[in-house]
Amino acid sequence: MSNSRYGFSVRCPDGAAHTYQLTTADGTSWSVECGDAPDTRTASYQVNYDASAVGGARVFLYDSTFPSGSAPGATGTVSMQNRRAGRQDLVLEVRDGQTPSNQVALKVVRDVNVPQGSPYSITVTSSDRVNPGGQRGQVQVSGALPLSPNFLVYYVSPLGTLAFPEVDFAQAGIVFNTLSDLSGGRYFVWVNTCCVYNNELGGQLYFKLDTATSYNFNLPPWFSGVSGTLTPRPQFSGLSYTGFPNLPVRVYLMTLDWTVSEGDTVLSFYWSALVTPSWLGSNTTYTFPDLSGLNGFSGLQPPATARWGVYAVAVNVVSGQSLRWARPFTAAVVSRARVRGQQVRRSQQEINIRGLVEGGGAFRLSEGD
């Protein structure tokens with residue numbers, strides 16, 4: 001058949017399950033990645049720094065593992081424990097001694113093979129000051145805005161290290177600090193709304209990965225008409241979103257998370273399904289598969305109280321065919337939409353956005369979240 005439907009599921013070491021429903025028109029060769037477990041992060045290293053040239057009073061060091069490290073003083077040493085080993089970029093953020101403090105410099109050190117060669121040395125010079133020429137970046141937003149927008153700006157290095165340019169609110173948007181040298185990296189700029197409109201819980205979002213310093217986003221419209229039932233098997237209807245301003249709907253993403261108490265132990269479960277419009281065809285309803293008989297997929301019976309999310313997502317990727325963005329992108333949306341126990345824990349995971357160029361989405365969440 002010229003356009004056959006198929007699907008597969010993956011259970012990651014942390015217990016999260018991910019189901020993919022695709023057609024041969026979507027592609028036939030995929031890369032699906034699980035996040036590494038915390039107990040595999042065993043590397044330690046040190047960085048000796050000198051930020052006296054820019055009046056530094058405290059530094060923060062970013063690598064491929066969250067959270068960052070920090071140390072006080074214009075000169076000193078940052079000690080990093082429980083990190084990933086291997087090639088990664090380091091980014092040193094320098095802040096002054098004012099109250100509140102200001103970000104004065106961001107310096108990128110490319111391709112360090114942690115922990116080989118530790119301790120490393122980073123010297124910050126005046127050329128590493130943020131906002132060269134006195135120019136800050138800006139982000140503005142337009143379109144249908146039923147709720148006030150939230151903004152986020154990352155710096156993303158070539159090997160995927162995230163750092164955080166300082167952001168201030170401005171009329172119709174924000175301004176953000178720019179780096180004097182991107183060192184081959186880019187800015188990841190994110191705008192979203194959340195959470196209650198017309199008695200529906202959800203939001204809108206748009207994002208872009210670019211070297212530009214000026215952005216004007218047109219958010220997609222609200223995602224109405226979605227409903228879900230969780231027993232006997234999770235099923236969601238209303239998958240007919242067509243509201244992106246300049247990107248086709250690439251996938252629908254549905255997520256479930258719940259907890260089960262076993263004595264004094266609380267077990268957490270997470271299950272996502274990525275479904276393409278070509279797999280759905282004319283259908284607007286999706287039912288999660290029954291994986292109970294498959295080895296390694298035990299426990300995937302969400303109760304009626306499980307929390308859910310449905311996302312219509314359009315994404316352009318840099319090159320190749322990769323599903324690696326699906327789970328962390330969902331985690332990013334969920335962590336910004338719901339601020340409570342499990343979501344806060346999940347938001348500490350790294351957000352792998354190296355393959356993304358531009359995208360948008362609209363999402364709905366279960367009532368009561």
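Regarding ASN82, is this residue loosely packed, with under 14 Cβ neighbours inside 10 Å, in a strand (DSSP E or B) and touching a helix residue (DSSP H, G or I) at 6+ places or on another chain (Cβ under 9 Å)?
Criteria met by ASN82.
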Report yes if some residue within the stretch 191-203 is under 27 Å from PRO289 (Cβ atoms), touching a Phe, Trp or Tyr at 6+ places or on another chain (Cβ under 6 Å) and outside any strand (DSSP E or B); otherwise report no. no
I need the full set of residues from the stretch 280-293 which are farther than 22 Å from PRO232 by Cβ and within 27 Å of the chain's Cα centre (by Cα), in order please. none
Kindly evaluate THR178 against the criterion of being under 21 Å from the mean Cα position of the chain (by Cα), free of Cβ contacts under 8 Å to residues at least 60 places away in the same chain, within 28 Å of PRO67 (Cα to Cα) and assigned to a loop (DSSP other than H, G, I, E, B). yes
Would you confirm whether any residue within the stretch 71-84 is without any contact (Cβ under 8 Å) to a residue 12 or more places away in the chain and within 30 Å of SER272 (Cα to Cα)? no
Of the residues in the stretch 200-233 that are closer than 30 Å to PRO303 by Cβ and of a type in the set (Gly, Ala, Ser), the one that is surrounded by the most Cβ atoms within 10 Å (Cβ to Cβ) is GLY203
Just to be sure I understand, how many residues within the stretch 155-194 are in contact with a helix residue (DSSP H, G or I) (Cβ under 9 Å, 6 or more places away or on another chain) and crowded, with 17+ Cβ neighbours inside 10 Å? 6
Quick check, is PHE217 outside any strand (DSSP E or B), among the aromatic types (Phe, Trp, Tyr) and either farther than 22 Å from ALA314 by Cα or touching a residue at least 12 places away in the same chain (Cβ under 8 Å) (or both)? no
I need a count of the residues in the stretch 261-280 that are closer than 20 Å to GLY228 by Cβ and without any contact (Cβ under 8 Å) to a residue 40 or more places away in the chain. 1
Across the stretch 230-272, the tally of residues that are within 26 Å of ASP14 (Cα to Cα), over 21 Å from the mean Cα position of the chain (by Cα) and not in a loop (DSSP other than H, G, I, E, B) stands at 9
So, of the residues in the stretch 85-107 that are out of contact with any Pro (no Cβ under 9 Å at 6 or more places or on another chain) and of a type in the set (A, V, I, L, M), which turns out to be surrounded by the most Cβ atoms within 10 Å (Cβ to Cβ)? VAL94
Would you confirm whether any residue within the stretch 109-132 is buried (at least 16 other Cβ atoms within 10 Å of the Cβ), over 18 Å from ASP181 (Cα atoms) and at pLDDT below 95? no
Filter the stretch 38-57 down to residues that are hydrophobic (A, V, I, L, M, F, W, C) and outside any loop (DSSP other than H, G, I, E, B) and give me whichever is modelled with the lowest pLDDT. ALA43
Of these, PHE60, PHE8, which one is within 27 Å of the chain's Cα centre (by Cα), at pLDDT 90 or above, assigned to a strand (DSSP E or B) and under 30 Å from ASN295 (Cβ atoms)? PHE8
Residue check, PRO302 closer than 21 Å to PRO13 by Cα, at pLDDT 90 or above and either of a type in the set (Ser, Thr, Tyr) or surrounded by 15 or more Cβ atoms within 10 Å (Cβ to Cβ) (or both): yes
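The values are calculated or read from the model by the stated rules, or taken from the named source; none is laboratory data. Since we're looking at a predicted model, the values are computed, not measured. Using ideal geometry, Cβ is built from the backbone for each residue, glycine included, and neighbour counts are taken over all protein chains shown.
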